[in-house]
Amino acid sequence: DTEVTQTPKHLVMGMTNKKSLKCEQHMGHRAMYWYKQKAKKPPELMFVYSYEKLSINESVPSRFSPECPNSSLLNLHLHALQPEDSALYLCASSPSGFLYSTDTQYFGPGTRLTVL
Amino acid sequence: ELKVEQNPLFLSMQEGKNYTIYCNYSTTSDRLYWYRQDPGKSLESLFVLLSNGAVKQEGRLMASLDTKARLSTLHITAAVHDLSATYFCAVGNEETSGSRLTFGEGTQLTVNP
């Protein structure tokens, strides 16, 4: 298995809902990432997990809560989001868990989130 | 703060022509990445450049890195329609963690028949 998968592909939620995004990889990668991408903009890093531990949090609001239950799975829990949080949420992984690794990142197809 | 600038941001070219996309960055870096993104799709890794003078080629695309000038180029040879996409360069820095990539704004390439 040589890909990163994400579910759901699309998600529409209200501002009072709680939902979760899921990301999986079975390539044995030890670093996993969440990015947010607005239309026609580059991805913005949100979180980095290294060896299943949160290593980087780019000052993301607490309404986004990441979780890494095991080395293959990464979740992003969403609660009380705002309309401006509507974006494409991308998950990525890279082979080494070493934060200074030069590995490239492998991206999943993304979840397109709309907050009403 | 690491800044990454790409130019041009928009590029419309005819099939068969050559062109170059430039990526400048503001501080010392030992790693530069090129990614491709098709509309509504995810990012695909194209090249990883890790040393001064590194050159990599894949099909009609060739990437190079000049760490002294803090410049990478992505050269397109004899463009074809299938190359239409947005191309991002991304720079990492060992001081701030190689995992923390700073992306350029992207170059939206359209190849016309």
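The values are calculated or read from the model by the stated rules, or taken from the named source; none is laboratory data. Because the structure is predicted, anything quoted here is derived from the model rather than measured. Methodologically, a virtual Cβ is constructed for each residue, glycine included, from the backbone with ideal geometry; neighbour enumeration extends over all protein chains shown.
Remark: pairs (first residue in the stretch A:26-51, at the interface with chain B (Cβ under 8 Å from one of its Cβ atoms) and touching a residue at least 60 places away in the same chain (Cβ under 8 Å); second residue among the β-branched types (Val, Ile, Thr) and not in a loop (DSSP other than H, G, I, E, B); Cβ separation under 6 Å; 6+ apart in sequence or on different chains) = A:Tyr33/A:Val48. Does at least one position in the stretch A:34-53 carry a residue that is surrounded by fewer than 14 Cβ atoms within 10 Å (Cβ to Cβ) and more than 25 Å from B:Ala90 (Cβ to Cβ)? Among the residues of the stretch A:34-53, not one is surrounded by fewer than 14 Cβ atoms within 10 Å (Cβ to Cβ) and more than 25 Å from B:Ala90 (Cβ to Cβ), which makes the answer no.
Report, by residue number, each residue of the stretch A:1-25 that is in a loop (DSSP other than H, G, I, E, B) and surrounded by 14 or more Cβ atoms within 10 Å (Cβ to Cβ).
Correct list: A:Glu3, A:Asn17.
Only one entry of A:Tyr33, A:Tyr89, A:Tyr51, A:Tyr100 meets the criterion of being in contact with a helix residue (DSSP H, G or I) (Cβ under 9 Å, 6 or more places away or on another chain) and within 27 Å of B:Tyr33 (Cα to Cα), and that entry is A:Tyr100. If you go through the stretch B:51-89 and keep only what is surrounded by fewer than 14 Cβ atoms within 10 Å (Cβ to Cβ), over 14 Å from B:Asn18 (Cα atoms) and hydrophobic (A, V, I, L, M, F, W, C), you end up with B:Val55, B:Ala69.
Kindly indicate whether any position in the stretch B:7-24 is out of contact with any Phe, Trp or Tyr (no Cβ under 9 Å at 6 or more places or on another chain), assigned to a loop (DSSP other than H, G, I, E, B), buried (at least 19 other Cβ atoms within 10 Å of the Cβ) and not acidic (Asp, Glu).
no
Does any residue of the stretch B:25-47 turn out to be more than 14 Å from chain A (Cβ to nearest Cβ) and under 14 Å from the mean Cα position of the chain (by Cα)? No. From the list A:Glu52, A:Glu3, the lone residue that is on the phi > 0 side of the Ramachandran plot and over 12 Å from the mean Cα position of the chain (by Cα) is A:Glu52.
Number of residues in the stretch A:46-70 that are modelled with pLDDT under 95 and touching an Asp or Glu at 6+ places or on another chain (Cβ under 6 Å) equals 0. Here B:Lys56 passes the criteria (1) in contact (Cβ under 8 Å) with a residue 12 or more places away in the chain; (2) within 14 Å of chain A (Cβ to nearest Cβ); (3) more than 20 Å from A:Leu45 (Cβ to Cβ) except the one numbered (1). Residues in the stretch A:60-116 that are in contact (Cβ under 8 Å) with a residue 12 or more places away in the chain, surrounded by fewer than 21 Cβ atoms within 10 Å (Cβ to Cβ), in a loop (DSSP other than H, G, I, E, B) and more than 14 Å from every other protein chain (Cβ to nearest Cβ): A:Arg63, A:Ser71, A:Ser72, A:Ala80, A:Gln82, A:Ser86, A:Leu116.
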